[in-house]
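The structure appears right after this line, and notes come after that.
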Amino acid sequence: MARSDLRLWVRWSLRDLRSRWVQVLAIALVIALGSGSYAGLRSDATWRRQNYDASFAVTDVHDLVVRVANGGSVPRADLDRAIGAVPEPGRIAGVTDRLVVPIQVDASRDGRTILVPGRIVGVDLTDGGPTIDRLAILGGRGLTAADDGQPVVVLDQHVADRRELAAPTTVTLSGDRQVQVVGTGVSPQYFLIMSEEGELLTASGYAVAFAGLTTAQQLAGTPGAVSEAGVEAAPGTDIGALRRDLQDTLARELPGTAVTVVALTDERPYRTMYDDIDSDQRMYSVFALLILFGAAFAAFNLTGRMVEAQRREIGIGMALGLPARRIAVRPLLVAAEVAVLGAVLGIGVGLAVGAVMSGVMTSFFPLPVWSTPLQVGIFATATALAIGLVVAASVWPVWRAVRVPPVDALQTGARATRRAGLAPALVRLKVPGPVIALMPVRGVLRAPRRTLLTAFGIAAAIATLIGVRGMIDSFIAVLDHAEAEITNRSPDRFDVGFSSYTLEGAPVVQAVRTTPGVAEVSTGLRLGGTLRGEQGVELESLVDLIDMDNPIWAPGTIEGTVHSDTPGIVIAEKAATDLGVGPGDTLRFRHPMRQGLGYTWVEGSIPVIGVHDFPYRFVSFMDLRHAGYFGTEGIVNFAQVAPAPETDRTALQRQLFTTPGVASVEPATALVTTIRDVLNQVLQILALVEAVVLLLALLIAFNATSINADERRREHATMFAYGVPVRSVLGMSVFESTLTGVLGTAMGIGLGLLILEWMIRRLIPEVQPDLAVAVAVRPSTFLLAALLGVVVVALAPVLTVRKLRRMDVPSTLRVVE
């Protein structure tokens, strides 16, 4: 083809683009939504892994952490001496001591009550700050050597963001002690905040406050004490061997003190952060593929129909003697240009999706390093698929058109198809009223391939919508069920956590019992452990030992009982399923055992006596009567508190908060709130997917209608020539669109439910293994699907009323201009 011919075809194709600019833009946006959303959602794992690695590196995270078990402490000199006694001490490049003390923070101001549990982390400020596990300051200033011993703290960014706290400000700690918040930031061991038992605390407003080591010792009343140390290994050191040597050395040098040595890669927060990357990515990838293939299929269908609408022009070219290959150039160029425009717009969509996901992730993980660059390889894959399908969509109708005689290509309406599809089946159907009433049905049936392709495009969007909204509905149903279980007897109760393990008759317990406004108190003991079934499956569990006959609250069971004369455990239904056990079976149980003044880890057997209905797999219960199983008779660390009738709950919470020895006072629904906040990250991403799907469905509906109007313009002109009013033609278009929308919506709902069922059964156990999620789709989701797939599609022809009214009937009916 000569260069001048190519320029002519390009100019002609651009003229076609301008003449159909609305359809072109809509198809390009469909491509952009598919490729951009795919690139953004599929990039999550890459972004998170890169940012996690960079954030841990910039804060000089430890290789090992030495920790006194169960919140204990030892003199700093003794811990440093014990660590220094390890064989080949040159393998240790540095040690940073810390003291971690549980607290509660009162940051109430401007009429807002902000009472949250937390911990003080005392760090060595000798050299201007810790050299291992550095503080990354994100607001205000950091700590200096002059701050050691002063009531000055840096607040963790998680709680600062969630409670809208900014430095400088003043907060009150347990025991009515005020401290000045001079800055906000993060430290690598608290990128994700978890309790020692494995309970996730990051999202609940849990407050970590960093202070000088001397300040923390003063607040805790333990001068010279530390509770843990971060250890940096020298380059080339075998971390596993160093950990084992340290564990042996500490057991020898600190007899009677339970001390653990944990590698960074074995710590729960670190492991959870990285393990969640791949599981979350699998879920996002499902939605990314659904959107991409839905968009690509819609673009394929819409482009093909746009080319088919030019069938008469192709017939005119053949009648004038143009070779088939030259005729094919123009529509193929149009398709290619639409695809390229979609790819360009897709870059913007991909960056926008990345920005939204970055905002969601930084609200959950306020890391010192966070960026979401466009992943070129992932975007190129999506773009190549979309462009390839768009071009392929134009090849098929062009190939069909140039292979028929020109006189057939020039035919329009029902005569354009050789067998008129399924329309002849209506011949024997007698419908009362005018013949025009059958025309929409004949329009749907005479081109079944076109109808099904359009319906499939609508179905793809509706299926994705049902999958996304159904996932959200299912998560919300789980949390609603859990909240109902927790509040079924005493919905206003508080869970009061003590600063440390204490005796049942200790002053702090008596002070809680005698606090004005307290009606009932039931103490308990919360411990962490690991359950292992016969098949070797291991689950970490939070075990609450409570009085099963207390009047405030106790778990119900769906199998077995909560009462037993011998020690037994009540586990969640999902835990029972995953472990393959039921009431009467036995589990291996690794748990802490009191030994002298400290604790050690032991493993034994324990029978399962019941299965509770909580949807949280990690929650288990035992009767407090059997605390001897752990060697903890008479020891408690929390209490359930029921307020007296008409008591001001906020005032009571504040009163309990000021009680010496109380570390936290939280509503009974705090665990549900925590899980809601954790899931909020996933739900925000799903909300983004939902918005994309809604826009995609609207574009498909609009473009399908617009192209349909182009295909029927000669039919409409013929009816206008015979005096049929615009409202009648518009009514037929609405009816025909309604039939297509109903078909597409029905297919989409069915497919969406199948996708949702698969995700709940196969995908969610990997993404949220601790939640027992079942399929639960609210009626509002089906209503939205019907609104989008039927009502919106049905009303889309109304957008063409202006074009119908302004139609030049003689010009439209003319065969050759």
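Looking at segment 357-389 only, could you name the residues that are part of a loop (DSSP other than H, G, I, E, B) and either at positive phi or open to solvent by 20 Å² or more (accessible area, probe 1.4 Å) (or both)?
Pro368, Val369, Trp370, Ser371, Thr372, Pro373, Leu374, Gln375
Kindly indicate which of Val508, Val478, Val468 is within 20 Å of Gln104 (Cα to Cα) and either touching a Leu at 6+ places or on another chain (Cβ under 9 Å) or open to solvent by 10 Å² or more (accessible area, probe 1.4 Å) (or both).
Going through Val508, Val478, Val468 in turn, the sole match is Val508.
Take residues that are under 21 Å from Leu250 (Cα atoms) and not acidic (Asp, Glu) and tell me which of the strands (runs of 3 or more DSSP E) falling wholly in segment 567-618 contain 2 or more.
Where strands (runs of 3 or more DSSP E) fall fully within segment 567-618 and carry at least 2 residues being under 21 Å from Leu250 (Cα atoms) and not acidic (Asp, Glu), they are 586-595, 598-612.
Any chance segment 95-110 includes a residue that's of a type in the set (Gly, Ala, Ser), open to solvent by less than 30 Å² (accessible area, probe 1.4 Å) and farther than 18 Å from Leu213 by Cα?
The answer is yes, given that some residue of segment 95-110 is of a type in the set (Gly, Ala, Ser), open to solvent by less than 30 Å² (accessible area, probe 1.4 Å) and farther than 18 Å from Leu213 by Cα.
If you go through segment 511-544, how many residues are open to solvent by 50 Å² or more (accessible area, probe 1.4 Å) and either of a type in the set (Lys, Arg) or assigned to a strand (DSSP E or B) (or both)?
7
Mind checking which residues of segment 449-496 are closer than 30 Å to Val508 by Cβ, modelled with pLDDT of 85 or more and not in a loop (DSSP other than H, G, I, E, B)?
Once the filter is applied, which keeps residues that are closer than 30 Å to Val508 by Cβ, modelled with pLDDT of 85 or more and not in a loop (DSSP other than H, G, I, E, B), segment 449-496 yields Phe494, Asp495, Val496.
Which residues, counting only those in segment 149-199, are more than 30 Å from Gly529 (Cβ to Cβ), of a type outside the set (A, V, I, L, M) and touching a Leu at 6+ places or on another chain (Cβ under 7 Å)?
Gln157, Arg177, Thr184, Gly185
Name the single residue that is surrounded by the most Cβ atoms within 10 Å (Cβ to Cβ) among those in segment 147-189 being part of a strand (DSSP E or B) and of a type in the set (D, E, K, R).
Asp156
Which one is surrounded by the fewest Cβ atoms within 10 Å (Cβ to Cβ) among residues in segment 545-562 that are part of a loop (DSSP other than H, G, I, E, B) and under 31 Å from the mean Cα position of the chain (by Cα)? Show your work before the answer.
Taking segment 545-562 as the starting set, the residues that turn out to be part of a loop (DSSP other than H, G, I, E, B) are 547-556, 561-562.
Pick out the ones that are also under 31 Å from the mean Cα position of the chain (by Cα) and you get 555-556.
On the way: Pro555: 20, Gly556: 13.
Checking each candidate, the answer is Gly556.
What is the number of the single condition among (1) open to solvent by 50 Å² or more (accessible area, probe 1.4 Å); (2) in a strand (DSSP E or B) that Thr131 does not meet?
The failed condition is (2).
State yes or no: is Glu757 part of a helix (DSSP H, G or I), open to solvent by 40 Å² or more (accessible area, probe 1.4 Å), closer than 30 Å to Tyr616 by Cβ and touching a residue at least 24 places away in the same chain (Cβ under 8 Å)? Show your work before the answer.
Working: part of a helix (DSSP H, G or I): yes; open to solvent by 40 Å² or more (accessible area, probe 1.4 Å): yes; closer than 30 Å to Tyr616 by Cβ: yes; touching a residue at least 24 places away in the same chain (Cβ under 8 Å): no.
The answer is no for Glu757.
Taking Ala687 as the residue in question, decide whether it is hydrophobic (A, V, I, L, M, F, W, C) and modelled with pLDDT under 75.
So Ala687 fails the test.
Only residues that are under 32 Å from the mean Cα position of the chain (by Cα) and either open to solvent by 10 Å² or more (accessible area, probe 1.4 Å) or among the small types (Gly, Ala, Ser) (or both): list them for segment 118-128, please.
From segment 118-128, those under 32 Å from the mean Cα position of the chain (by Cα) are 118-121; that's our starting set.
Residues satisfying the conditions are Gly118, Arg119.
May I ask you to verify whether Leu804 is closer than 23 Å to Ala477 by Cα and either surrounded by 20 or more Cβ atoms within 10 Å (Cβ to Cβ) or out of contact with any strand residue (DSSP E or B) (no Cβ under 6 Å at 6 or more places or on another chain) (or both)?
So Leu804 fails the test.
Within segment 340-356, can one find any residue that is assigned to a helix (DSSP H, G or I), modelled with pLDDT of 70 or more, closer than 16 Å to Val395 by Cα and open to solvent by less than 20 Å² (accessible area, probe 1.4 Å)?
First pass over segment 340-356, keeping only residues assigned to a helix (DSSP H, G or I): 340-356.
Filter again for modelled with pLDDT of 70 or more, leaving 340-356.
Still in the list and also closer than 16 Å to Val395 by Cα: none.
Scanning segment 340-356, I find no residue that is assigned to a helix (DSSP H, G or I), modelled with pLDDT of 70 or more, closer than 16 Å to Val395 by Cα and open to solvent by less than 20 Å² (accessible area, probe 1.4 Å), so the answer is no.
What are the residues in segment 722-766 that are acidic (Asp, Glu) and either under 21 Å from Asn708 (Cα atoms) or modelled with pLDDT of 85 or more (or both), if any?
Listed by number, the residues that qualify are Glu736, Glu757.
Quick check on my filter: what residues within segment 798-813 are over 50 Å from the mean Cα position of the chain (by Cα) and either closer than 15 Å to Asn708 by Cα or not acidic (Asp, Glu) (or both)? Lay out the reasoning, then the answer.
Within segment 798-813, the subset over 50 Å from the mean Cα position of the chain (by Cα) is 808-813.
Of everything in segment 798-813, those that are over 50 Å from the mean Cα position of the chain (by Cα) and either closer than 15 Å to Asn708 by Cα or not acidic (Asp, Glu) (or both) turn out to be Val809, Pro810, Ser811, Thr812, Leu813.
Would you say Gly789 is assigned to a helix (DSSP H, G or I) and modelled with pLDDT under 85?
yes
Determine the pairs where a residue that is without any contact (Cβ under 8 Å) to a residue 60 or more places away in the chain, located within segment 630-651, has a partner that is open to solvent by 30 Å² or more (accessible area, probe 1.4 Å) with Cβ atoms under 7 Å apart, the partner being 6 or more residues away or on another chain.
Gly631/Met593; Gly631/Arg594
Select from segment 678-707 the residues that are open to solvent by 20 Å² or more (accessible area, probe 1.4 Å) and more than 16 Å from the chain's Cα centre (by Cα) and list them in ascending order.
Passing the criteria: Leu694, Leu695, Leu698, Leu699, Phe702.
Go through Val809, Val793, Val798, Val724 for me and flag whichever is among the β-branched types (Val, Ile, Thr) and open to solvent by 60 Å² or more (accessible area, probe 1.4 Å).
The conditions single out Val798.
When you scan segment 766-780, do you find a residue that is open to solvent by less than 70 Å² (accessible area, probe 1.4 Å), over 22 Å from Tyr616 (Cβ atoms) and part of a helix (DSSP H, G or I), even just one?
Yes: one or more hits.
Among the residues of segment 381-388, is there at least one that is touching a helix residue (DSSP H, G or I) at 6+ places or on another chain (Cβ under 6 Å), at pLDDT 75 or above and among the polar types (S, T, N, Q)?
Checking segment 381-388: at least one residue is touching a helix residue (DSSP H, G or I) at 6+ places or on another chain (Cβ under 6 Å), at pLDDT 75 or above and among the polar types (S, T, N, Q).
Give the residues of segment 78-123 that are part of a loop (DSSP other than H, G, I, E, B) and modelled with pLDDT of 90 or more, sorted by residue number.
Scanning segment 78-123 gives Ala85, Val86, Pro87, Glu88.
When you scan segment 563-581, how many residues do you find that are in contact with a Leu (Cβ under 7 Å, 6 or more places away or on another chain) and open to solvent by 40 Å² or more (accessible area, probe 1.4 Å)?
Count: 1.
Go through segment 238-257 and report how many residues are of a type in the set (Gly, Ala, Ser) and open to solvent by less than 50 Å² (accessible area, probe 1.4 Å).
Total satisfying the criteria: 2.
Give the residues of segment 56-92 that are surrounded by 21 or more Cβ atoms within 10 Å (Cβ to Cβ) and among the polar types (S, T, N, Q), sorted by residue number.
Thr59, the sole residue that qualifies.
The values are calculated or read from the model by the stated rules, or taken from the named source; none is laboratory data. Keep in mind that what you see is a predicted model, and the values were worked out from it rather than measured. Counting neighbours? That spans all protein chains shown, and the Cβs are built from the backbone with ideal geometry, glycine included. In case anyone asks, the SASA skips ligands and DNA or RNA and just uses the protein heavy atoms, side chains included. Shrake-Rupley method; radii C 1.70, N 1.55, O 1.52, S 1.80 Å.
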